[in-house]
Every structure is written in structure tokens, then in C-alpha cells.
Amino acid sequence: MVKINGKDREAAGKTLSQILEEEGYQPLRVAVELNLEIVPKAAYGSTAVKDGDTVEIVSFVGGG
Amino acid sequence: MENQFLIDSDELTPEALERKHRLENDPSSRTNHMEYMEGQEVIKSDIREKVMSAVESYDPSVYKANDVMRALQKQNLSVEDLKALLSPAAEPFLEQMAERARIETRKHFGNTVYLFTPLYIANYCENYCVYCGFNCYNKIRRMKLDMEQIEHEMKVIADSGMEEILILTGESRAMSDVKYIGEACKLARKYFRMVGVEIYPVNVEDYRYLHECGVDYVTVFQETYDTEKYETLHLMGHKRVWPYRFDAQERALMGGMRGVAGSALLGLSDFRKDALASALHMYYLQRKYPHAEISLSCPRLRPIINNGKINPRDVGEKQLCQILCAYRIFLPFAGITVSSRESAQFRNGIVKIAATKISAGVSTGIGDHESKYTGKECDAEGDEQFEINDGRSFKQMYSDMSGEGLQPVLNDYLYV
Amino acid sequence: MENDKLVIAGHEFTSRFILGSGKYSLSLIEAAVKYAGAEIITCAVRRANTKEHENILDFIPKGVTLLPNTSGARNADEAVRIARLARELGCGDFVKIEIMRDTKYLLPDNAETVRATEILAKEGFIVMPYMYPDLNTARDLVNAGAATVMPLASPIGSNKGLATKDFIQILIDEIDLPIIVDAGIGRPSQACEAMEMGAAAVMSNTALATAGDLPAMAEAFRKAVEAGRQAYLSGLGRVLVRGAAPSDTLTGFLRD
């Protein structure tokens, strides 16, 4: 299991690009953290997740 | 060059006289006053640049009555407001300035006035500063007290009741080195609760050493912030280096000193610019070192031995009062010391408005406290740096200040 | 006024009104920016939403500087983490540090804010810390490498105005960085007053988000901030305290 934005997903073995695509995120509008480490956009295609990983996908929202 | 300053001694050798005249008349014979000499520590600081850029842009003639009135109503004054208060436009507002200054002084210091006394322990000097009685070409009796003599002087002063002392030397590192001054300060700590020094500027490690010897306060007078003028007045010696002197208070704070004091010697150059620079120098120091206690003085030129013609030129008592009120209103928390160069009448008046600290029982000579305090004759004494004007003893001052409705304070210091 | 620029870490701005983008619809942002004349707009970082395809970046006009905040952070480490994610989102190096460890009043934690500022400034961020107006903290922030200091006027979202006025004035007087009054400014008159005091800029969000007509209120704030700035630069006039001139009772002792 891989925790993606707090939810458990069967995603082990997939790359970050695949995850973003399948989950419906806009890759240009998000930043991704894998186990608290930021993953550069250029590495999404080559970075695969494994069981026990935690992925955070964030974007800008309104705020003061 | 102002002729009022230059005096030839008949005891100088022809060679010395020739050298003196060359220094006086030929600028190319003098060293670069903006260049540090060997051994003089350079610190990284932006204070000099901040002060000098404000001074360079200062034109006292552009300020109008409205600028002064606005400044007087502000709670926190800007540098522009200070410039207005130091300008000729503020002269008609002197009474209002005094009123505001008095309120600030009472708010921050209550109804008190601090008393202290200076102790000159040596008058050797290796500098040629044309207006100073200690200058190396002036023919005076030179003297340096040994530790026994210093302790004797301190006993005499301490017996009078004084608790704070300011140790002074002429500016000769060769004759009065830091170790010597440090030993004197260790002695001073035995007799006094607060020890300050007014000596030649030194490096951070020297200030740290003096602090370990018991010194908490360092006073350095910049004389004038007008560097070109400075060059024509300080013709020879370590003191000739203007920027090293400017940074002295900051080095003292870096060396752990609790407080610093400074000022220009008013009357050497444009006094409004020098007053502005003095205030901003202390202001920016306190901004950078918020824990530092800062203090301003306001010396005016005085006659010296062998030259009675020296005077403060255009700085009259009204101008001096204006400067002190401007200092107080701009820096409500700063100590302000008024020297015995001023008359008893002036000092009695100004402590009610702006000053917080005055000296008493003053001698600017060497080793003469006993004769001056007790009338007992003493044959080995060194000559004075300048003529004082207010010769009141500690006891007299204490009772006079009480009579003026002020509470004399000898010390409020917790030594930590 | 023409050459009067707000300079933050070398970046020049003409507008001194910083706009928040929280608590109102994304579709209003463009009008808010326009009427406020804002050149800086704040935003927050949150978990991305997969359902909604609207993104705030698509609503912010070109040329406006984005100032991401670290809201949600409860300590310095969390703020640093959020700031790094914000930078990864690719809209520059600005970050407004916001660290709250209190959910009732939402008051900033000054000590943690200093710590986060130090870390982020070293990483090249342009750090704009939101803080409770305390002089010692402000000095610590300067030493930590902050680009501005952003004291609160009153609790965030409260619209209560300059409750901390005297303490903000101290920061304005003592700190050499731009002081930007942030949080609690509820009315244009309060924004104007902050600017008259010498604040470098004012930031507001809730006052606009909760106004009846957001773009109109944004314009009112713009005018108020400009008026306050102009008054400050002009030097406020004196107040007549009394009519009679004093006699020379204090200075009568002077001889010349």
C-alpha cells in the first residue's frame, strides 16, 4: 500500500507520472513529496513508489 | 588654518620647530588621515556610512518654523526632525524645546542628577592636536602617576564621597599602555562602584581586557566629524586616523563594554553638523547594539595652557542649550553629560532641562587632587589639559543640586 | 510619490497594498487585484484536489507576484517544509511565514517564526515573517535574514483594526526593514492610519472577503493606502495645543 494525500492506494511499482495521470492531478500545478523529500518535476517519470511510501501532492489555493 | 591655535614653545630645538612648522604649513608632509595605521583593527560596520551620509546631506538653512513645530509634536522623532531641531529655524523655539526636553528627561530619569569625577593619571601625548593642552609640542609639565600615587588619588576622591570615576590619560600608548591603564582600573574598582575610561582608542581585545579589569564605560570624543577639518587640526600621531577613532565605541561594545559615550568638540567646525553627527553616531550604535547604554557629552572649546585665545566661536550658551534639548528630544533615553568646561550657572540650569550627569571636584591636571581638595601643597603635579569653568567640589555640588530641587545620585549600578 | 517604491529584497513594487486570496471565490480574484491595484497576492499551499480542475494560478493576472504563506504550520519545521513545497510549485522565492500553535486566537509563534526565517533565508528564500509585534523578536528576525517584518494589527480575521498600534510604531521606528501591517485590518481608515504611521505596506484579506461588494472595497483600500502613504511622506501637520507662548522660565539662565 502507498499513502497518497492521506489515502491508501494500491500503487506500488508505479511512477509518480503514472499516479498523477491516473488520479487526475495537473502535473504542472502540483508539487510532490515522496517520504518528506521533494521530487523535482523532471524526475516524476523515473521515480517509482513502493509499499509503505507516503506521497503528498500539493498545489496553491486561496489564502491570506 | 586657524591662527588662534598655533603656539611655538621657546624650548623646542630648531629641528623640532622646523618639523612642527612643516606639519602646520605643508599638508603634503602629513599622513593620510583616512588610512589605518599598522595594528589598528578594522571592523565591519555600516554605522560610519549611515552617519556621514546624513551629515553630508544636511543643510540647516532649509528648515522652517513649521518643520520645528511638527518635530516638537512627534512622539518619535525621525532624523529629519532632529535636523530641524538643530537648525537656526529652531532658535526661536528654544523655550518650547526646553519644555519638551524637560518632560522627556523627567520621564526617563526622574528627578535625579548623577555625579562623577574624572581622574587624569598621565598627560603624556604623542599627538599634535593644535587645540589641546596636552599636545606633544606644548611645553607643559608631563607626568604619569605610578600605582601608589594613583591609589592615593583615588583614596582622596573616594573619601569625598564619590562613587563613580572616569579614568583619563593623554593619548600615548607608549607612555601609558593598556596594561598600565588596566592596573589603574583594577585599583579603581576597589574604591568606586562604577569605572569608565577616556583614553586613546584601542582594539576590541584591549577593550575586552579593560572590561575584565573592571571598566564598563568608554568615552571617546571624535573632536569633529568634518574629516577635512579634522585633518588640519590633528597633524601627527595615532589620533590622526579619523575612521579608527570613529569605530572606537563600536569596538568597545564588541569587547563587552556596557556603555559608550561620545561627541564632537563643539566649535572646531560647523557645530550644527557636528551635533547632528554626534547624536546619530550614538543613535545608530544603540540601534545596532540595542543593549548598549549610550551617552552624549557637549564639550565646547576652552582655553589651554600657553594659549588663552582658544574659544568656542559661534557656539554660545543658547546654541549649546538648543543642541542639548535636540539631543534629549531625539534620544530621550540617552545619558547627557555636561562638563566642567561650562559655568556653574549654565550647569545648574541645564540639569533641570536635559543633562543627567555632571562632574564635580574636577581637576584636569595630574596628581593634584590632594592639593585641590585639601589645599595641601604638593610639588609633583602635571599640568592641565584645559581650563575648567565650574570648580565646585563634590560636597558643594551635592548641596547645590539638592538646592535646585534635584536628587543627586552617586551610583545606581548593580555590578554584574 | 512618483518615485516612491516599496522595495523587498531588491524587488520594487509601486503598490503598497498586499491582497489576500482566501475566503472568496477564485472568479473574484481578477477584479480584486485590479481594483486593489495589488502587485502582490498571497496564497496558501494545500493538498491538491483531484476533483476540481480550477487552479488559483489560472486566475491571477500576469505580472502579479505570488506570496505563498505557510499557513497550517504549527512549528518551524512544518513551515520550512511548506515553504519548500511552495517554491517547488514554481512561482518564485517569496514566502510569508505563518506559524500558529493556537487554534483559538491563531496568534503567531514568534520563537518558531525566527527559527524558520533563519533556515529559509539561508536557502535563498525571500522571507516575510508574520509575527506578534515584539521588538526583540523583530530584531531577531532581522538578524535571521528576514526581508520584511509583518506585525499583526489585531487577531487574524478579526477586522478589529490597530489594536497593537503603539507596538507597531516601535517596530516602524526601530527596524530598518519594511514593516508590513498584516492581519486584523478591517477598514480602509485603519489601513490609512497604519500607512500614516509609516508602515511600508498593508496586507488585508478578510476585510475584503467579508465586504458587501468585494471589488469596490478593494478600491477603497487602495485609495486609503495611497492616501496614508502620501500623508506620511508629506509630514503630518502640527496640532495646536494651546494659544499662549510660554515665558522663558526654563531658559532664562542663558547668557549669550
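Per-structure values
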read-out: Residue-count net charge about A:LEU36 - beta-carbon cut-off 14 Å; Lys, Arg +1, Asp, Glu -1; value: -4
read-out: By average C-beta atoms within 10 angstrom, highest first, the peptides A:37-50, B:345-358; value: B:345-358, A:37-50
read-out: Label zone at B:GLU228, where the point sits 7 Å out along the Cα-to-Cβ direction: the stretch B:272-301 residues whose backbone N lies under 20 Å; value: B:272-278
read-out: Residues of the stretch B:106-139 with amide N under 20 Å of the 7 Å Cα→Cβ point at B:SER9; value: B:120-139
read-out: Alpha-carbon centroid distance for the pair the stretch C:1-27 / the stretch C:100-173, whole angstrom; value: 18 Å
read-out: Within 10 Å of each Cβ in A:22-31, the average number of Cβ atoms from other chains; value: 5
read-out: Rounded if a/c under 1.5, otherwise prolate or oblate - the stretch C:6-234, Cα gyration tensor axes; value: rounded
read-out: FRET E, pair C:ALA31, A:GLN26, Förster distance 41 Å, beta-carbon r, rounded to 0.05; value: 0.95
read-out: Positive-end residue of B:GLY403, B:SER269, B:VAL68, charge dipole of chain B with Cβ unit charges; value: B:VAL68
read-out: Computed label-point distance, nm, for sites B:ASN32 and C:VAL142 using a 7 Å Cα→Cβ extension; value: 3.2 nm
read-out: In Å, descending, principal axis extents of the Cα set of the protein assembly as shown; value: 103, 63, 50
read-out: Listed residue pairs exceeding 21 Å between alpha carbons, taken from B:LYS288/C:LYS96; B:LYS74/C:LYS5; C:LYS5/C:LYS34; C:LYS5/C:LYS223; A:LYS7/A:LYS50; C:LYS96/C:LYS122; value: B:LYS288/C:LYS96; B:LYS74/C:LYS5
read-out: The stretch B:46-409 - convex hull of alpha carbons, volume per residue in Å³; value: 122 Å³
read-out: Simple label model, 7 Å out from Cα along Cβ direction - B:GLU56 to A:THR15, nm; value: 6.0 nm
read-out: Selection from B:SER278, B:MET162, C:SER21 lying farthest towards where the dipole of the protein assembly as shown points positive, charges on Cβ; value: C:SER21
read-out: Model label zone, B:ASN25; criterion: amide N under 20 Å from point 7 Å along Cα-to-beta-carbon; scope the stretch B:217-245; value: B:232-236
read-out: Square roots of five times the Cα gyration tensor eigenvalues for the stretch A:2-58, Å; value: 15, 12, 11
read-out: Residue (of B:HIS152, B:PHE93, B:VAL195) at the positive-pole extreme of chain B, dipole from beta-carbon charges; value: B:PHE93
read-out: Charge dipole (debye, nearest 20) of the stretch B:46-409; +1 at Cβ of Lys and Arg, -1 at Cβ of Asp and Glu; value: 680 debye
read-out: Peptides ranked, highest mean first, by Cβ atoms within 10 Å: ranges B:95-104, C:27-36, B:142-151; value: B:95-104, C:27-36, B:142-151
read-out: Charge tally in the Cβ shell below 10 Å around B:ASN76, where Lys, Arg are +1 and Asp, Glu are -1, B:ASN76 excluded; value: -2
read-out: For residues of C:84-91, the mean tally of beta carbons on other chains within 10 Å; value: 5
read-out: Total charge dipole magnitude, the stretch C:6-234, about the Cα centre, Cβ charges on Lys, Arg, Asp, Glu only, Debye to nearest 20; value: 480 debye
read-out: Estimated [θ] at 222 nm from DSSP helical runs (n ≥ 4, -39500 (n - 2.57)) normalised by residues in chain B, nearest 500; value: -12000 deg cm²/dmol
read-out: Ranked packing of B:400-409, C:3-12, most packed first, by mean Cβ within 10 Å; value: B:400-409, C:3-12
read-out: About the Cα centre, charge dipole magnitude for the protein assembly as shown (Lys/Arg +1, Asp/Glu -1 at Cβ), debye; value: 1700 debye
read-out: Net charge contributed by nearby residues that have their C-beta within less than 14 Å of B:GLY405 (K/R +1, D/E -1); value: +1
read-out: Antiparallel DSSP beta bridges within the protein assembly as shown, percent to nearest 5; value: 30 percent
read-out: Exercise: per-residue mean of other protein chain Cβ atoms within 10 Å, A:49-60; value: 4
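Bear in mind that the values in this text are calculations on the coordinates, not laboratory data. Just so we're clear, the structure is a prediction, and the values are computed from it rather than from any experiment. Don't worry about glycine lacking a Cβ; one is built from the backbone with ideal geometry, like all the others, and counts go over all protein chains shown.
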